[in-house]
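Everything on this sheet refers to the single structure shown next.
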Amino acid sequence: MPLVTAACLLEHAQANTYAIPSFNFHDLVDLQAIVTAAEAEAAPVILMASEGTIRFAGFPYIEALARVAASQAKVPLALHLDHGRELDNIMKGIRHGFTSVMFDGSHLAYAENVRLTNWVVDVAHRAGISVEGELGQIPGTEDDISVAEQAAGMTDPGLVAEYVERTGVDALAVAIGTAHGLYKGEPQLDFDRLAAIRQAAVIPLVLHGGTGVPDATVRQAINLGICKLNVGTDLRLAYTGSIDQALKEHEINDPRPLLDIAREAVIEVVRDKIRLCGASGQAKAIKAQL
Ligand code: 13P
């Protein structure tokens, strides 16, 4: 089956109160792990490549890997550019078969974020692909910001309706207390803010920084309108940690058995997150609608 748009998956998730599990991948091994897990769970998933991954592998390889995965997979897959900041990368993503792009204008002044996001939406929609925008700033845990600074960067519910209307985005990434990377303590999500955002916007909402967020917190966020859960670090930890352990225990000088071990470790993490999102078994209904 060809790659589908993220919007098509998110629409189904929103109508049925679950989230589309969305995973960062970097190479053949973690991509195969994600797709194997998705098939084992009969779940739709979004494959995400960041600008860092594009720098690492290049658009042609990422496009080719995702196209082969989709052509062989029995579940619907979307290919999404995660945190696109360079307009050049957004354009290249569109030309290289991505079915969804995120324009991350969160570091820009509000008016500029609106203007550029709207420009991206115009171009992407003409190419038939969906767009995720970001309002507020989702920090990295490495940013070491204070609670007050984090609160100041959170999505302002008062701006949401106007932002969605003026940009035309299909999905909105919200800053409500999560961060990218590993948390130092337990993340505290601002559910009142999420509920207010939900009131203001009818489009699917996206939770970034899915690693390390307690399961109950994720479930509550889904009940309050989160339709896409982004997870990256957890997969990288499983990938590198399993290789590290295998090398400590055995003398291995062939990458293939090591990468087999890594792939199995990533599959387990991905299956867990798919179940947490409530996405298991949802592939059939989506395929029936395509
Ligand atoms: P984590 O790496 O914290 O799971 O976040 C991933 C993410 O939000 C990608 O956009």
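The values are calculated or read from the model by the stated rules, or taken from the named source; none is laboratory data. Note that the structure is a prediction, hence the values are computed from the model and not measured. All Cβ positions, glycine included, derive from the backbone under ideal geometry; neighbour counts span all protein chains shown. Quick note on the areas: whole protein, heavy atoms, side chains included, nothing else; ligands and nucleic acids left out. Shrake-Rupley method; radii C 1.70, N 1.55, O 1.52, S 1.80 Å.
Here are the numbers for the structure shown:
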item	result
Sole residue being away from the ligand (no atom under 16 Å from the Cβ) and of a type in the set (A, V, I, L, M), chosen from L81, L135, L116	L116
Residues satisfying the stated conditions in the stretch 65-92, i.e. more than 25 Å from L116 (Cα to Cα) and either exposed (fewer than 15 other Cβ atoms within 10 Å of the Cβ) or charged (D, E, K, R) (or both)	R67, V68, S71, Q72, K74
Qualifying residues in the stretch 124-159 (those that are modelled with pLDDT of 75 or more and β-branched (V, I, T)) - the one farthest from R198 (Cα to Cα)	I129
Test: R85 is of a type in the set (K, R) and touching a residue at least 12 places away in the same chain (Cβ under 8 Å)	yes
Selected residue (only one of V131, V120, V160 is open to solvent by less than 70 Å² (accessible area, probe 1.4 Å) and over 24 Å from F23 (Cβ atoms))	V160
Any hit, the stretch 4-21, residues being over 16 Å from A173 (Cβ atoms), touching a strand residue (DSSP E or B) at 6+ places or on another chain (Cβ under 7 Å) and in contact (Cβ under 8 Å) with a residue 40 or more places away in the chain	yes
Helices (runs of 4 or more DSSP H) (entirely within the stretch 206-290) containing at least 1 residues that are open to solvent by 10 Å² or more (accessible area, probe 1.4 Å) and touching a strand residue (DSSP E or B) at 6+ places or on another chain (Cβ under 6 Å)	255-277
Hey, P204 away from the ligand (no atom under 14 Å from the Cβ), at pLDDT 95 or above and not small (G, A, S) or not	yes
Residues being in contact with a Pro (Cβ under 9 Å, 6 or more places away or on another chain) and more than 16 Å from the ligand (Cβ to nearest atom) - total across the stretch 207-242	1
Cβ-Cβ under 7 Å pairs, at least 6 apart or on other chains, the stretch 145-172 side closer than 19 Å to D190 by Cβ, far side modelled with pLDDT of 95 or more and aromatic (F, W, Y)	L159/Y110
The stretch 179-201, subset touching a strand residue (DSSP E or B) at 6+ places or on another chain (Cβ under 7 Å) and modelled with pLDDT under 95, residue nearest to L159 (Cα to Cα)	A201
Those residues of the stretch 1-58 which are open to solvent by less than 40 Å² (accessible area, probe 1.4 Å), over 20 Å from K273 (Cα atoms) and within 16 Å of the ligand (Cβ to nearest atom), in sequence order	E51, G52, T53, I54
